[in-house]
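Quick notes on the structure that follows.
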């Protein structure tokens, strides 16, 4: 049996989860950090690192197409990812982001973490 070998459900239906992760990646690209629950941060980190790996190839048709497929409704974020963020990590093998734990939220004691570029 294949138990716990996929992505986290995050208590959302699939389209909502996909849109939420896209929006949080766009926030990470635009502002340089993301502060939310630890489970969400880990899911966003997986997708964001894969996008940076794709974007490292530079400004060509296939790179733009693949990044737009993941972030279809924000042209500025796609351009910033390919032209500004990805070139910084051209020699790095992986690990473009770091997770910093920030303790627990007072209202519901959810673990809070901050995701930022290395």
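Derivation of every value follows stated rules applied to the coordinates shown; laboratory data play no part. Keep in mind that what you see is a predicted model, and the values were worked out from it rather than measured. Note that each Cβ is placed from the backbone with ideal geometry, even for glycine, and that neighbours are counted across all protein chains shown.
Here are a few things to note about the model shown:
- Residue list for region 37-56, filter: without any contact (Cβ under 8 Å) to a residue 24 or more places away in the chain and either surrounded by fewer than 17 Cβ atoms within 10 Å (Cβ to Cβ) or not in a helix (DSSP H, G or I) (or both): 50
- Condition check for residue 75 on (1) touching a helix residue (DSSP H, G or I) at 6+ places or on another chain (Cβ under 6 Å); (2) without any contact (Cβ under 8 Å) to a residue 24 or more places away in the chain; (3) loosely packed, with under 14 Cβ neighbours inside 10 Å: one failure, at (1).
- Test: residue in region 90-97 that is over 23 Å from residue 57 (Cβ atoms) and assigned to a strand (DSSP E or B): no
- Selection of first residues in region 11-36 that are surrounded by fewer than 12 Cβ atoms within 10 Å (Cβ to Cβ) and of second residues that are not in a helix (DSSP H, G or I), restricted to Cβ pairs under 7 Å at least 6 apart or on distinct chains, gives the following pairs, ordered by first then second residue: 32/116; 32/117.
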